[in-house]
Structures are given as C-alpha cells and as structure tokens.
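The values are calculated or read from the model by the stated rules, or taken from the named source; none is laboratory data. Just so it is clear, the model here is predicted, and its values are computed rather than measured. Positions of Cβ are backbone-derived with ideal geometry, glycine not excepted, and every protein chain shown enters the neighbour counts. Ligands, DNA and RNA are stripped out before the accessible areas are found, and what is left, the full protein with its side chains, is counted by its heavy atoms. Shrake-Rupley method; radii C 1.70, N 1.55, O 1.52, S 1.80 Å.
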Amino acid sequence: MFLSLSMQNFRSFKDETKLNFSVTTPKSHMPSHVSMLDNASIGALRSVGFYGANASGKSNALMALTAIQYLVCSSGDLRDGKNIPCYEPYRLCSDTIDAPIKFGVEFIIDGTRYVYNISFKKNEILNESLDYYPSRVKANLFTRKEGDSWQDIKFGNLYKGGTRKIAFFANNTYLSKAGNNASSPQIIRDVYNFFNDNIEFIRVGQWIGWNKYIDDLDMIEKASKIISCIDIGISKIIKVDAERELNLSQEIPDEIKDMIISENSFSFAHLSENGNEEIFKKSEESEGTGRFFDMIPMLVEAFRKQCVIVFDELDNNIHPHMADVIVRLFNDGEVNKYNSQLIFTTHNMQLMSPEKMRRDQLFFFEKRQGKSIGYSLNDFDKTRVKSTTPFGVWYDQGRFGGVPKINYPEIVTLLSGEKFIEQSTFDDLFGEYNDDEVKSDE
C-alpha cells in the first residue's frame with residue numbers, strides 16, 4: 001500500500017506536489033477505511049479518489065506511479081547511454097525542459113514502511129535512495145548520489161544478507177538491477193517484487209479480459225453469483241468452448257487470438273417471462289455489463305492477496321452505482337482482509353459523500369497558469385469543511401476548485417455569431433464562488 005507520492009517536473013507538474021495517503025488519527029471518521037500498521041501509529045487509506053477537470057493533471061499523477069514502476073522494474077534492461085522513456089519534464093518553461101524529474105514514494109510491505117526517492121534526467125539517474133523503518137526510527141538501505149558509479153554507492157549497516165555491489169549503467173536504477181538478482185539481499189528483492197508483482201495499472205479504454213481465468217471454474221462460479229446479485233437481469237454465466245467453435249487461423253498473433261477467445265468464452269443467461277433461460281452472447285450485452293464482468297477477476301484477486309490497483313477513470317462505461325460498489329468493497333475491512341488499495345480517477349460525484357468517503361480520501365487537481373497542482377479535501381479549513389459537509393454539492397459549486405471554468409457566453413457567441421451577454425453579467429446572474437473562503441490559511 002502507498003502512504004504518499006511526490007513528483008516534481010513531471011509532465012504537467014512543474015513544482016513539487018505531494019499527495020498524502022497516510023493517516024495518524026483513523027478514529028476520527030470511518031476508521032474502517034484505514035489499514036493500520038502493526039505496532040505503529042500510522043495507517044494507509046484503503047482507497048483514494050482523484051477529481052478534477054479534463055487535463056487537470058489527475059491522470060498524470062497516476063502516470064507518476066507508472067513511471068516509478070518502470071524505473072524500479074524495467075530500467076535495468078536499458079543499454080548504456082539509452083534514453084529513459086519516462087523522462088517527460090514540464091515543457092512550458094525553459095528552466096525545466098532539461099531539468100531533473102524527482103519522485104518520492106512511501107509504501108508498506110508486510111507491515112514495514114519504506115521510502116524511495118529518485119531523480120533523473122534524459123539518460124542518467126542522478127540520485128537514488130531507499131530507506132525503511134525497522135523500528136520507529138528510519139534507517140538507510142542504500143544511497144546513490146550524482147556521479148556515483150556502481151562501485152561508489154553507499155550502503156546502510158542493516159543492508160546485509162547477500163551481494164550488495166551489483167554493476168549498473170548510469171541510466172539503470174540500482175533497485176532494478178539488485179532487485180532482479182538472486183544473489184541480492186532478500187529485503188531489496190521484496191521491494192522489487194512489490195512494484196513488479198503487486199501493482200496493476202488499468203488505463204482508460206484498456207482491455208480487461210478473462211484470458212487467465214477461462215478455465216478457472218471457481219472464478220466462473222464466483223462471477224456468476226456476483227453478477228446475479230446486481231439487477232441487470234443475468235441469472236448465470238455459461239462457459240463456452242470458444243477456441244473450438246471459432247476455429248481461428250493459426251496465422252493470427254497469439255495476443256489477438258487470446259483476446260478473441262476471451263471475449264467469446266462466456267454467454268449470459270436471462271430468464272424469460274415464462275421462466276425459461278434465454279442465452280445472450282457477450283456482444284449482445286451492454287458495454288457496462290461486459291465491463292463489470294471483465295473486472296470481476298481483478299476484484300476477486302484483490303481480496304485474495306494484497307495488491308494496489310491504479311485505475312484511470314474507474315467509472316468508464318459502468319454505472320456510477322457500480323463504481324460505488326467497487327470503492328465500497330475496498331473500504332470494507334471484512335472484504336478487504338489483505339489490505340489491498342485502490343487509487344482511481346473519476347468524475348463520479350456520487351462517491352463524494354461524507355457517508356462514503358473520508359475527507360483525506362478525496363483529492364482535487366487543477367491547473368494554475370499551466371501548472372498542475374494536487375491537494376486533498378483534508379487540506380481545507382476543518383471548521384468550515386466538516387465530516388457532515390455535502391462534499392459533492394460544494395465541489396459542484398466550485399468551492400473546492402478542480403472543476404472546469406467555462407465561458408459559456410463566449411461559446412454561444414462563437415457558435416451563433418451573435419453577442420450573448422458579458423461574462424461579468426453572467427457571473428452576476430449565476431454567482432461566482434471563491435474557494436479561498438473555505439481553505440485554511442495554510
């Protein structure tokens with residue numbers, strides 16, 4: 001689980017932005033939404049939602065996690081001198097276009113806190129460090145400073161149990177080389193495996209298939225029971241031998257073949273008026289039904305073991321109530337026993353309710369002078385924004401920022417060719433709210 005994420009000079013984020021997913025006072029509101037560390041006074045939020053206008057930066061914040069995963073798990077495959085693909089600096093300022101990108105992330109593995117910091121340029125890692133908390137006091141595992149070769153890297157006293165000095169190129173992270181080496185200490189391999197195996201990214205429009213579970217009868221039965229609990233008319237799922245029925249050409253690439261087979265391996269039974277079953281193909285169901293069905297294995301796996309699911313536009317193609325169910329399951333400690341975490345972007349304002357989410361689970365993103373900024377609802381003055389405040393209503397009114405600013409009169413003028421009303425008159429008629437009124441002085 002992630003406790004925090006910081007980024008600087010990455011895509012639309014010019015200045016340092018830190019997002020805090022940790023909690024020190026979980027009893028204040030909805031304590032079940034927080035996973036507490038054993039023998040520690042800090043916990044991690046089970047879910048966090050990112051809100052903001054289009055192009056506000058909320059997806060770029062998720063991409064920062066993708067970039068960190070690449071640096072940790074894949075940069076070790078880069079040959080000497082090759083560019084680092086995730087080097088995407090802020091491009092609207094001459095001072096930043098060639099400057100380093102900086103990331104920081106704090107996370108939990110098996111109840112232990114880790115802190116990973118890295119800065120890098122086009123084809124060079126400048127600084128890299130990994131710390132952890134064997135007790136309440138932080139200890140360093142390794143530190144790499146600008147100009148250090150693999151022979152110069154410094155190690156903490158507690159980093160032992162295997163080979164520490166492992167050769168890397170300037171564009172490789174030490175973590176990517178050591179974490180994927182069987183002779184390295186177990187602790188470094190645990191961190192590498194966390195990023196490599198326990199984090200799943202779902203991008204907008206990304207295909208989510210059943211190809212890994214087509215023959216998993218337990219998963220099929222569970223999916224059939226889950227989907228029958230939702231009032232969409234489906235009574236059960238029926239397995240189909242798509243590979244035999246379709247008789248696909250051997251010339252079709254395996255990746256495409258797997259997708260076709262996955263999409264045609266299940267049919268959906270509906271009860272007719274006389275009580276008989278009418279069978280529908282997946283292509284005959286709504287996109288929302290198909291999307292939710294495809295998400296079921298991912299959800300089942302998330303509650304079988306600890307993982308982090310990073311989901312861009314969670315409610316894409318599914319009803320807001322379905323997205324509500326998914327978030328509710330992650331926040332439910334009885335279901336989410338292994339403390340999996342959901343980090344998602346959304347425009348679903350039904351989730352923005354004090355009955356459904358804590359203040360610190362809601363984040364807003366907006367652009368100011370071309371630069372993205374991110375902040376939590378918890379950053380607002382708590383004497384004004386309380387746990388009983390109608391979060392969604394206030395957000396819709398613009399009190400928290402993060403909503404698009406639309407010059408409707410000018411749009412009317414451009415489309416109709418006739419003058420509508422002045423923007424100032426429009427503001428007088430419909431009101432304008434200053435979000436500084438609810439923010440704290442901090």
Point to revise | Options K405, K419, K356, K382; residue that is among the basic types (K, R), at pLDDT below 75 and in a loop (DSSP other than H, G, I, E, B) | key: K419
**Study point:** In region 128-185, residue least open to solvent (accessible area, probe 1.4 Å) [restricted to those that are polar (S, T, N, Q) and farther than 23 Å from D197 by Cβ]
**Key:** N171
**Study point:** Residue that is surrounded by the fewest Cβ atoms within 10 Å (Cβ to Cβ), among those in region 1-10 that are farther than 30 Å from G333 by Cβ and polar (S, T, N, Q)
**Key:** Q8
Study note, to complete from the structure: Within region 129-159, restricting to residues that are within 17 Å of L175 (Cβ to Cβ) and of a type in the set (K, R), the one that is farthest from the chain's Cα centre (by Cα) is K154
Point to revise | Residues located in region 186-221, provided they are open to solvent by less than 40 Å² (accessible area, probe 1.4 Å), under 18 Å from I68 (Cβ atoms) and in contact with a strand residue (DSSP E or B) (Cβ under 8 Å, 6 or more places away or on another chain) | key: I188, V191, F194, I199, F201, I202
**Study point:** Criterion violated by V23 - all others in (1) modelled with pLDDT of 85 or more; (2) out of contact with any Gly (no Cβ under 6 Å at 6 or more places or on another chain) satisfied
**Key:** (2)
Review point. Which pairs do you get when a residue that is more than 19 Å from R328 (Cα to Cα), found in region 28-43, comes within reach of a residue that is assigned to a loop (DSSP other than H, G, I, E, B) and modelled with pLDDT under 90, reach meaning Cβ atoms under 7 angstrom, with the pair 6+ apart or on two chains?
Key: L37/G111; D38/G111; S41/T24; I42/T24
Practice item. Identify all residues within region 330-353 that are open to solvent by less than 10 Å² (accessible area, probe 1.4 Å) and within 14 Å of T389 (Cα to Cα); write none if there are none. Key: L351, M352
Review point. Does E277 qualify as being within 24 Å of N317 (Cα to Cα) and not small (G, A, S)?
Key: no
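Conditions (1) in contact (Cβ under 8 Å) with a residue 40 or more places away in the chain; (2) among the hydrophobic types (A, V, I, L, M, F, W, C), marked per residue:
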| position | (1), (2) |
| --- | --- |
| V137 | no, yes |
| N140 | no, no |
| G147 | no, no |
| N157 | no, no |
| A170 | yes, yes |
| G205 | yes, no |
| L217 | no, yes |
| S224 | no, no |
| I232 | yes, yes |
Check your understanding: Is there any pair linking a residue in region 50-76 that is closer than 16 Å to I309 by Cβ to one that is assigned to a helix (DSSP H, G or I) and hydrophobic (A, V, I, L, M, F, W, C), with Cβ under 8 Å and at least six apart or on different chains, and which?
Key -> F50/A61; F50/L62; I68/F195; Q69/F195
